[in-house]
Amino acid sequence: QVTLKESGPGMLQPSKTLSLTCSFSGFSLSTSGMVVSWIRQPSGKSLEWLAAIDWDGDKYYNPSLKSRLTVSKDTSNTQVFLKITSVDIADTATYYCARRLTMWYFDYWGQGVMVTVSS
Amino acid sequence: DIVLTQSPALAVSLGQRATISCRASQSVSTSSYNLMHWYQQKPGEQPKLLIYDASNLASGIPVRFSGSGSGTDFTLTINPVQADDIATYYCQQSRELPLTFGSGTKLEIK
């Protein structure tokens, strides 16, 4: 059974660094073709793809945010991390991690973690 | 970036057909694939994959959902619409990075 679950701080202040963790089970990120991606959704708005990391450690970023994003994974291939630097109110959203098998669509998603940026 | 345009809302009667469209700002098709995918999202839930590569039904999805299209114009059809289908539907392209999503179409009951 494939599951993904996001965790994060809930709330943080502007200009801080947001750190998110995606913990998953039921698959291995070391499997060829496997990718875990981060996608966010402000309340009432659409989805925005942020970043991804693949089985080989290659990283992919949305150019619009690339300078502020860092995606990484742990050595056991059971967690993926996302850091966003210099957050502001516009980064308030629900953040999802999702699995990609071999093509760039997402067959499993986490439940999402809500992050609020506020002073 | 490839921009995907969807109508904001669609109202249909239960038991009728719903047709949700997505238009891309440039072709998302290759010689082998139509790289458009559809998701359903209910309030407070994560998106769920319905259709991949324009017309392939994802695992566990009822056959009343279907997809079609190529190039820049794609359609998600729900026939017949059931009460459980009330949700927002998003298209997503994977022709090029960055991946982009449409703005979503909210399906409402007439």
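The values are calculated or read from the model by the stated rules, or taken from the named source; none is laboratory data. The structure displayed is predicted, hence computed values, not measured ones. Because the Cβ atoms are built from the backbone with ideal geometry, glycine has one as well, and the counts that use them run over all protein chains shown.
Below, the figures for the structure above:
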item	result
Single residue of segment B:20-45 satisfying the filter (away from chain A (no Cβ under 12 Å) and over 11 Å from the mean Cα position of the chain (by Cα)) that is surrounded by the fewest Cβ atoms within 10 Å (Cβ to Cβ)	B:31
Yes/no for residue A:21 being among the β-branched types (Val, Ile, Thr), at pLDDT 95 or above and more than 15 Å from residue A:111 (Cβ to Cβ)	no
Top-ranked residue in segment B:66-99 [being without any contact (Cβ under 8 Å) to a residue 24 or more places away in the chain and of a type outside the set (Ser, Thr, Tyr); ranked as surrounded by the most Cβ atoms within 10 Å (Cβ to Cβ)]	B:99
Conditions (1) at pLDDT 95 or above; (2) more than 27 Å from residue A:53 (Cα to Cα): number failed by residue B:109	(1)
Qualifying residue in segment A:111-119 (condition: touching a Phe, Trp or Tyr at 6+ places or on another chain (Cβ under 9 Å), within 14 Å of another protein chain (Cβ to nearest Cβ), crowded, with 18+ Cβ neighbours inside 10 Å and over 23 Å from residue B:58 (Cα atoms))	yes
Segment A:1-45, residues that are surrounded by fewer than 18 Cβ atoms within 10 Å (Cβ to Cβ) and under 23 Å from residue B:2 (Cα atoms)	A:42, A:43, A:44, A:45
Odd one out for residue B:103 among (1) facing chain A (nearest Cβ under 10 Å); (2) surrounded by fewer than 21 Cβ atoms within 10 Å (Cβ to Cβ); (3) on the phi > 0 side of the Ramachandran plot; (4) not hydrophobic (A, V, I, L, M, F, W, C)	(3)
Criterion violated by residue A:75 - all others in (1) farther than 16 Å from residue A:104 by Cβ; (2) free of Cβ contacts under 8 Å to residues at least 12 places away in the same chain; (3) under 15 Å from the mean Cα position of the chain (by Cα) satisfied	(3)
Condition met for residue B:49 (in contact with a helix residue (DSSP H, G or I) (Cβ under 7 Å, 6 or more places away or on another chain) and in contact (Cβ under 8 Å) with a residue 12 or more places away in the chain)	no
Matching residues in segment A:83-113 - criterion: being in a strand (DSSP E or B) and under 22 Å from residue B:92 (Cα atoms)	A:93, A:94, A:95, A:96, A:97, A:98, A:99, A:100, A:108, A:109, A:113
